[in-house]
Amino acid sequence: PASTALLGGGGLGAPPRRHMGLGEFLLKTPKPSDPPFGGRGWMASELRRKSFEDLHRLWVVLYKERNALLTRLARTTRVSARVQSNEERAKLAKVRKSMSRIKGVLGERRAAYKEARRAAAETPE
């Protein structure tokens, strides 16, 4: 189905997977043996090297992760369990910053495209 293609896969090179419903917006409860939240946000220089399709897939992954983190933070706020909320807030900040950088890179591309079209229109043939 058409909605399947928009969901992306497990990774940037993975084939699309089927829609899982609301469950895909929830984070699994970490086990004690799982490593803590790690990683870093995407740098703008890394995002500039990605294709539009890769940026779209990454946006969807980050969007799902952001929603899952917000859901989890709301749940921990309700039950007053603040053990992991600081780690989740830090992860949420990284996700938001990466999403902001994707928007910035797409804005740069849009501006370059408009400039190229303007230059092409001014060039006599």
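FYI, it's all coordinate maths here, none of it is from the lab. All values reported here derive from a predicted model rather than from experimental measurement. Here the Cβ positions follow ideal geometry from the backbone for every residue, glycine too, while neighbour counts run over all protein chains shown.
Quick notes
- Take the Cβ atoms of Lys97 and Arg75, set R0 to 25 Å, and the FRET efficiency comes out at 0.60.
- Highest-first arrangement of 70-76, 95-101, where packing means the average Cβ count within 10 Å: 95-101, 70-76
- Inter-site label distance for Glu46 and Thr123 at 7 Å from Cα along Cβ, in nm: 3.5
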